[in-house]
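Visitor: Shown below is the structure under consideration.
The values are calculated or read from the model by the stated rules, or taken from the named source; none is laboratory data. Treat the numbers as computed from the prediction; the structure is a model and nothing was measured. Cβ coordinates were reconstructed from backbone atoms using ideal geometry, including for glycine residues, and neighbour counts include every protein chain displayed.
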Amino acid sequence: MTDAVDLAGQLFANRVFAAAGCAGTGRELPPQADLAGLGAVITRSITPEARAGLAAPRLAETPSGLVNALGLPGPGVEGFLADELPWLVEHGAAVIVSIAAESAADYARLAQRLRQVTGIVAVEVNLSNPVTDSGRLPVAMDAGLAGGVVHAVRRNTAAGIPVLAKLAGDTTDVVAVARACAGAGADGVSLINAVRGMGIDVATGQPSLGAWLGGLSGPAIKPIALRAVWEVHAALPELPIIASGGVRTGTDAAEMMMAGASAVSIGTALLTDPAAGARIREELAVIAAQREGGYAGLLGCAHREVTA
Ligand SMILES: Cc1cc2nc3c(=O)[nH]c(=O)nc-3n(C[C@H](O)[C@H](O)[C@H](O)COP(=O)(O)O)c2cc1C
């Protein structure tokens, strides 16, 4: 039984990916993280220019997850292409580049720049950037804006390279946003990004992160991710979904697939267990082997039990 998966015409060696921003540049991970053993490594979101990110502290633990307010620190697209992408490719990673910008035109320029290089298997459009055309709210909260950004990226990306729209779980109608993105040319969706949240430090009476607004990730958001995957798969069954949100075990991954995901990406779990990818892949393989049809038998199977 092979665990390779074809997503929008691109073949991935397996269904367990590293989620955006959670594998660093790859270099920080210990050798047992085995980048080549992951189905793909989704990079942190790459921006047009280098960014220092937000003031510390940037991470706060919660009883069942993590709130982060990083502010997309990174070397900008030129630094990424000069230094990080070659290293990832050299180490056997299938690289999906996540991009983030503050306007549709800048997203388009990023896509154009990535088009000029080799070694990228897909582009993921991070639509959760709060500093966007829409003002305060992330683009992912507005179907029209999200579709506009995806259209700009798709037009500027080579035909054989899938464009994945990364959506928010805390939007009112995730199906409407997914539909708009698919209509604008997205070849698949990544569901979900960290959910907007915050922390308060009782000692100081101030927000516990450098910025008041952060993103909640980890086990706390798994039910939200499952619900979003379920809804989008029910409405758009042909649209490939990469699920992220609290996946820590093969059972979590199987649940995401049963709700309709073709693959999963691991975020917060990698921060405490950099080798989680290989373990989750093995656990998922055991569960898939027990199902009729293997991995295909898992995909969306929970829907078949429901009579609406
Ligand atoms: C430290 C950290 C950094 C992240 N950076 C990014 C990023 O650069 N771009 C992005 O689209 N998502 C980013 N995310 C969101 C993750 O990719 C993932 O979608 C989310 O955390 C939910 O998955 P999880 O519960 O497994 O962490 C980040 C999450 C964390 C915890």
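Visitor: Filter the helices (runs of 4 or more DSSP H) completely within the stretch 85-174 down to those with at least 2 residues that are within 16 Å of the ligand (Cβ to nearest atom), touching a Ser or Thr at 6+ places or on another chain (Cβ under 7 Å) and among the charged types (D, E, K, R).
Guide: On the way: elements: 85-90, 104-115, 143-155.
Hits in the stretch 85-174: none.
Visitor: Go through the stretch 270-308 and give me each residue that's small (G, A, S) and touching a residue at least 60 places away in the same chain (Cβ under 8 Å). Outline the logic, then answer.
Guide: Of the stretch 270-308, the ones small (G, A, S) are 275-278, 285, 288-289, 293-294, 296-297, 300, 302, 308.
Passing the criteria: A275, G277, A278, A285, A288, A289, G294, G300, A302.
Visitor: Inside the stretch 182-195, can you point out the residues that are part of a helix (DSSP H, G or I) and farther than 12 Å from P240 by Cβ? Steps first, answer last, please.
Guide: At the first step, the residues of the stretch 182-195 found to be part of a helix (DSSP H, G or I) are 182-183.
Listed by number, the list holds a single entry, G183.
Visitor: Going through the stretch 59-84 one residue at a time, which ones are in contact with a Lys or Arg (Cβ under 8 Å, 6 or more places away or on another chain), part of a strand (DSSP E or B) and either more than 13 Å from the ligand (Cβ to nearest atom) or under 13 Å from S208 (Cβ atoms) (or both)?
Guide: Passing the criteria: only N68.
Visitor: Now for a separate question. Out of G147, G169, G71, I need the residue that is under 18 Å from the mean Cα position of the chain (by Cα), under 26 Å from A33 (Cα atoms) and surrounded by 15 or more Cβ atoms within 10 Å (Cβ to Cβ). Which one? Outline the logic, then answer.
Guide: Numbers: G147 fails: under 26 Å from A33 (Cα atoms); G169 fails: under 26 Å from A33 (Cα atoms).
Result: G71 is the single residue among G147, G169, G71 that is under 18 Å from the mean Cα position of the chain (by Cα), under 26 Å from A33 (Cα atoms) and surrounded by 15 or more Cβ atoms within 10 Å (Cβ to Cβ).
Visitor: Which condition does R15 not pass, out of (1) more than 19 Å from I99 (Cβ to Cβ); (2) within 9 Å of the ligand (Cβ to nearest atom), if it passes all the others?
Guide: Going through (1) more than 19 Å from I99 (Cβ to Cβ); (2) within 9 Å of the ligand (Cβ to nearest atom) one by one, R15 breaks only (2).
Visitor: While we're on this one: Which of the strands (runs of 3 or more DSSP E) found entirely inside the stretch 1-44 contain at least 2 residues meeting this: among the aliphatic types (A, V, I, L, M) and at positive phi? Can you show your working first?
Guide: Details: elements: 5-7, 10-12, 16-18, 40-42.
Answer list for the stretch 1-44: none.
Visitor: Turning to a different aspect of this structure: If G218 satisfies all but one of (1) farther than 30 Å from L54 by Cα; (2) at pLDDT 95 or above; (3) touching a helix residue (DSSP H, G or I) at 6+ places or on another chain (Cβ under 7 Å); (4) not hydrophobic (A, V, I, L, M, F, W, C), what's the number of the condition it fails?
Guide: The single condition G218 does not satisfy is (1).
Visitor: Another one. So which residues in the stretch 26-58 are within 9 Å of the ligand (Cβ to nearest atom) and either surrounded by 18 or more Cβ atoms within 10 Å (Cβ to Cβ) or of a type in the set (G, A, S) (or both), if there are any at all? Please lay out each step first, then the result.
Guide: Taking the stretch 26-58 first, the residues within 9 Å of the ligand (Cβ to nearest atom) are 42-46, 58.
I42, T43, R44, S45, I46, listed by residue number.
Visitor: Say whether the condition of being among the small types (G, A, S), surrounded by fewer than 21 Cβ atoms within 10 Å (Cβ to Cβ) and touching an Asp or Glu at 6+ places or on another chain (Cβ under 8 Å) is met by at least one residue in the stretch 208-217.
Guide: Yes, that holds for at least one residue.
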